[in-house]
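The values are calculated or read from the model by the stated rules, or taken from the named source; none is laboratory data. Here the structure is a predicted model, which is why all the values come from computation and not from measurement. Quick reminder, even Gly has a Cβ in these numbers, built from the backbone with ideal geometry, and neighbours come from all protein chains shown.
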Amino acid sequence: MKKLSVLLLLLLNFLVLPSAFGKDEVVIDRLTSAEAEDLNIEIPDEVPPGFHSVTIEVYDDNGTVSKKILDFCKDEKGIVQWDNKCPNLALDNVSVSEPVQVTDIKTGFKNYDPLNDPLKTKGIQLAAFAALAALSSVKRNEKQSQEDDSISDGEQESLQSVSAGALKLLKDEPGWGDLSRTWRNPLTGFSDYFFISLAHRFNRFSPLLTRTMQDGNAIRAIFGSFAFLLVPIGFMLGIISAINTHAEVLPPTLGIIVAVMFIAIFDAFAGFIAGATFFFITLLTGHITTRPELLTAIGVLVLFFAPALLASAFRPFRRNVFNRDDLWERITDYALGTLLTFWVITKMVAAMNGLAHLELPITSHGTQLAFIAAGFLTFRYALEELAGEHYPLRLRVLHVEIREPNLNQKVRSLIFKISVFVIMAAPFVGSTLNLFLGALIFATPQLTSLRLEDKFPKFKLYLPRGVFKIVVMIFVMALITNWIEEMFSTPASFLKWSFVVMALPGFFLHYLDAITDSPKTDWKKSQLGRMIYRIGGVIIYVLMVLVVKGVDLASWIS
């Protein structure tokens with residue numbers, strides 16, 4: 001956790017660094033090939049008379065970046081000559097004083113302000129708060145069923161909208177896979193030792209990194225040391241991503257993202273390696289100098305390794321199927337795990353514009369990326385079934401139990417989590433009182449959950465959980481924001497206060513959950529309860545599909 005704190009301090013330092021350019025060069029931001037034909041460059045008045053150059057970075061529809069340097073001069077009358085011919089410019093008369101720093105010229109990607117796009121920004125805020133509320137639940141007691149679709153705070157650590165779900169061990173007896181030769185490859189012992197020892201090291205300070213390290217246990221159990229190849233492949237894809245963007249802080253082309261997403265779905269650690277490699281290359285080459293660049297780099301990193309962790313947080317990857325109830329739950333795992341992951345990825349990609357403050361081409365491929373991730377995820381669920389049923393001993397060998405963090409670790413993790421929340425939310429709210437209030441509402445339940453909530457009185461309450469909780473959260477937040485929208489004269493002011501309002505339902509639901517006593521019997525086990533649960537589950541699934549499609553459920557009654 002100390003390393004994470006140092007990293008956070010480093011990241012915060014970058015937030016206040018200005019963009020730096022050479023004294024005699026004006027850097028033009030990127031542009032699409034379609035816009036290049038109508039390029040109209042305006043040189044700031046602060047550029048002194050003399051000979052200069054302008055660098056144009058062209059970003060085409062396939063995501064390829066190319067550079068072109070144009071020489072120009074500015075004569076004594078302040079007129080720019082693009083043929084670089086200024087015969088009347090007397091070099092001796094040109095001021096030799098330090099030239100005024102030239103600001104960015106935004107040609108290429110259009111500037112984007114999320115506060116001026118209320119529909120998209122409202123959807124991103126709504127999805128973020130709904131997912132955060134659904135993924136963070138109170139650990140009710142030690143007897144809570146392992147088959148529950150909620151993940152306790154002791155089993156996960158979240159980074160903004162990324163939560164790590166538990167990986168369950170289901171069988172003790174060896175399966176035919178344990179006795180087969182599919183995993184008996186050279187260096188399998190070394191590969192197993194590497195991942196197990198690294199997981200133990202991460203376990204000292206970060207459950208999230210430990211969970212990320214163990215995400216590929218299923219494929220390692222089946223293929224042994226061959227699965228280790230995903231790590232260097234991830235490293236190479238990180239380098240390729242940086243080369244593709246010329247180390248600029250931009251999402252790479254669609255094909256590269258799909259390749260990273262493929263390995264990350266089956267091994268989140270390999271995706272993390274790809275994202276971290278891309279991040280540090282852009283950092284070391286000096287391309288992370290502003291807040292939007294830093295946030296974009298973090299967004300790419302999270303997109304590279306988050307999908308599998310999100311899916312396992314929503315629904316378990318592994319489940320024993322002994323009867324029809326178990327079969328229903330397993331079908332639900334496939335249906336909801338892929339649907340919810342699809343929904344969150346579309347919002348993550350859509351948020352890229354707000355993080356970068358530019359209109360990025362990748363945001364037009366959000367739905368396509370989400371469909372691809374959902375398809376890969378279906379295969380991941382099937383792979384987990386195969387590993388859980390036929391390679392149980394291999395899974396047990398590779399498994400490292402995520403230990404309960406002590407109070408100091410929880411405090412450090414909480415500080416890091418709140419800091420990331422504020423940094424990532426700032427582009428969509430602005431550094432205003434509203435950001436402080438929203439962060440305070442978000443942070444208070446996190447703080448009280450450390451010690452105080454165990455002393456709360458308990459009552460028998462029936463609260464929404466799982467996907468039903470997400471649908472309820474979305475409905476309530478949309479209803480409230482639709483109601484208050486008419487009170488504001490501008491979209492920007494509405495979005496700032498909607499951020500605060502959207503934090504309130506999760507706040508109240510958290511404390512209702514904290515005072516709820518765990519039921520002694522499961523109502524879904526009775527015949528009537530089973531029927532209500534299944535019919536209601538289908539209805540909730542249909543409603544969630546409508547939410548994913550962008551239907552405003554609150555408008556049905558407003």
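Figures for the structure shown
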item: Candidate set from the stretch 448-463 (those that are under 30 Å from ILE423 (Cβ atoms) and touching a helix residue (DSSP H, G or I) at 6+ places or on another chain (Cβ under 7 Å)); member that is surrounded by the most Cβ atoms within 10 Å (Cβ to Cβ); result: SER449
item: Some residue of the stretch 209-232 being at negative phi and in a loop (DSSP other than H, G, I, E, B); result: yes
item: Matching option when the condition is aliphatic (A, V, I, L, M) and not in a helix (DSSP H, G or I), among ILE372, ILE402, ILE418, ILE362; result: ILE402
item: Total residues in the stretch 514-527, condition assigned to a helix (DSSP H, G or I), without any contact (Cβ under 8 Å) to a residue 12 or more places away in the chain and either touching a His at 6+ places or on another chain (Cβ under 7 Å) or surrounded by 12 or more Cβ atoms within 10 Å (Cβ to Cβ) (or both); result: 1
item: Cross-chain or 6+ apart pairs with Cβ under 7 Å, the stretch 475-488 first and assigned by TED's automatic domain parsing to the domain that holds ASP552 and under 13 Å from GLN125 (Cα atoms), then at pLDDT 80 or above and of a type in the set (A, V, I, L, M, F, W, C); result: MET477/MET502; THR481/VAL501; THR481/MET502
item: Answer residue from the stretch 382-416, given it is touching a Leu at 6+ places or on another chain (Cβ under 7 Å) and crowded, with 17+ Cβ neighbours inside 10 Å and is farthest from VAL300 (Cα to Cα) among those; result: PRO392
item: Set TYR112, TYR193: member being more than 24 Å from PHE475 (Cα to Cα), at pLDDT 80 or above and not assigned by TED's automatic domain parsing to the domain that holds ALA308; result: TYR112
item: Selected residue (only one of LYS168, LYS143 is closer than 30 Å to ALA130 by Cα, modelled with pLDDT of 60 or more and assigned to a loop (DSSP other than H, G, I, E, B)); result: LYS168
item: Matching entry among VAL538, VAL476, VAL500 (being over 30 Å from GLU404 (Cβ atoms), in contact with a Gly (Cβ under 6 Å, 6 or more places away or on another chain) and either in a helix (DSSP H, G or I) or among the hydroxyl-bearing types (Ser, Thr, Tyr) (or both)); result: VAL500
item: Conditions (1) surrounded by fewer than 20 Cβ atoms within 10 Å (Cβ to Cβ); (2) more than 15 Å from VAL249 (Cβ to Cβ); (3) touching a Leu at 6+ places or on another chain (Cβ under 8 Å); number of the one not met by ASP325; result: (3)
item: Hey, GLU385 in a helix (DSSP H, G or I), in contact with a Gly (Cβ under 7 Å, 6 or more places away or on another chain) and not β-branched (Val, Ile, Thr) or not; result: no
item: Any hit, the stretch 265-276, residues being buried (at least 22 other Cβ atoms within 10 Å of the Cβ), in contact (Cβ under 8 Å) with a residue 40 or more places away in the chain and acidic (Asp, Glu); result: yes
item: Only listed residue being in a helix (DSSP H, G or I), of a type in the set (Phe, Trp, Tyr) and under 22 Å from ASP325 (Cα atoms), chosen from TYR533, TYR511; result: TYR533
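Each row is one residue, and each column tells you yes or no for (1) among the aliphatic types (A, V, I, L, M); (2) over 16 Å from the mean Cα position of the chain (by Cα); (3) assigned by TED's automatic domain parsing to the domain that holds ILE345; (4) modelled with pLDDT under 95.
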| residue | (1), (2), (3), (4) |
| --- | --- |
| ARG184 | no, yes, yes, yes |
| ARG201 | no, yes, yes, yes |
| THR212 | no, no, yes, yes |
| PRO232 | no, yes, yes, no |
| ILE239 | yes, yes, yes, no |
| ILE265 | yes, no, yes, yes |
